[in-house]
Amino acid sequence: MAIPDSMNWLWWAAPVLVAAFGALWLLAGIGGLIGGKPFSGVRGVLGGAGVLAAGLAASLLGLNIQTYSRLTYERPVATVKVSAVDPAQKIYKVDVVRTDGAQITQTCQLQGDEWILGARVQKWQPWANILGLDATYDLDQMANKYVSAAEANGKMITACDLKAPMPDVNKYAPTGAVAWLLSLVQVEDRKFGSANYMPLADGAEYHVVMTQSGLNSEPSNTAAEAANNAR
């Protein structure tokens, strides 16, 4: 059974406790040698040193596992569903269904070869990721994209703004207070724009996720897979 994300600290905390026990055993062994108990002293030194070394090695391995798990963590953002309106003119209806708890569905009409979803992302320092603070984001726009710039030149931009409820903290904290607090603890790495695009195809469906480095998406049905493979 997989260990829940909230319990990832066990990967390194448990071995640290083992290492601490080994250190105490080692100290007891040294005390025994000093106190004139060579047999128990040697046993304590050898046993304690072995347990201490094993505990430290296991804790480093556990910390590595947790670090990799946190830095590669992905969470759902939205499902994008595409249906054709006028395939000859490359016009499609695109439904953006939020899967991040916002419970919002928005519909856009795009003209082009691909949809492109953008977001404003706030990335945290790696140590903050390991402690459980994931990259935050605000979805920005769903817009159209053509395969070639030559075809796109002179064409209309078709896009729609994407909205989500205001975070609760913004309702009560003074403007700029959160940013000021974050600057004090030096937890923020950087802010940047992130965008991801996939083909417009009738019946295609895609899952969009947020990683610690930005947006990513993947086909979630055969229509989407076929369109993506044909690019």
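The values are calculated or read from the model by the stated rules, or taken from the named source; none is laboratory data. No experiment lies behind these values; they were computed from the predicted model shown. Every residue, glycine as well, gets a Cβ built from its backbone with ideal geometry; the counts of neighbours run over all protein chains shown. The accessibility values were calculated without ligands, DNA or RNA, using every heavy atom of the protein model including side chains. Shrake-Rupley method; radii C 1.70, N 1.55, O 1.52, S 1.80 Å.
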Practice problem: Could you please give the count of residues in the stretch 207-231 that are of a type in the set (A, V, I, L, M), surrounded by fewer than 19 Cβ atoms within 10 Å (Cβ to Cβ) and assigned to a strand (DSSP E or B)? | Solution: 1
Practice problem: Could you give me the residue pairs with C-beta distances under 7 Å whose first residue belongs to the stretch 105-127 and is over 18 Å from Asn216 (Cα atoms) and charged (D, E, K, R), whose second residue is assigned to a loop (DSSP other than H, G, I, E, B) and open to solvent by 30 Å² or more (accessible area, probe 1.4 Å) wherever it lies, and which are 6+ apart or on separate chains? | Solution: Asp113/Lys90; Asp113/Val147
Quiz item: If we keep just the residues of the stretch 125-155 that are hydroxyl-bearing (Ser, Thr, Tyr) and at pLDDT below 85, which is nearest to the chain's Cα centre (by Cα)?
Solution: Thr136
Exercise. Determine if the stretch 72-90 includes at least one residue that is exposed (fewer than 14 other Cβ atoms within 10 Å of the Cβ), part of a helix (DSSP H, G or I), modelled with pLDDT under 70 and of a type in the set (S, T, N, Q).
Key: no
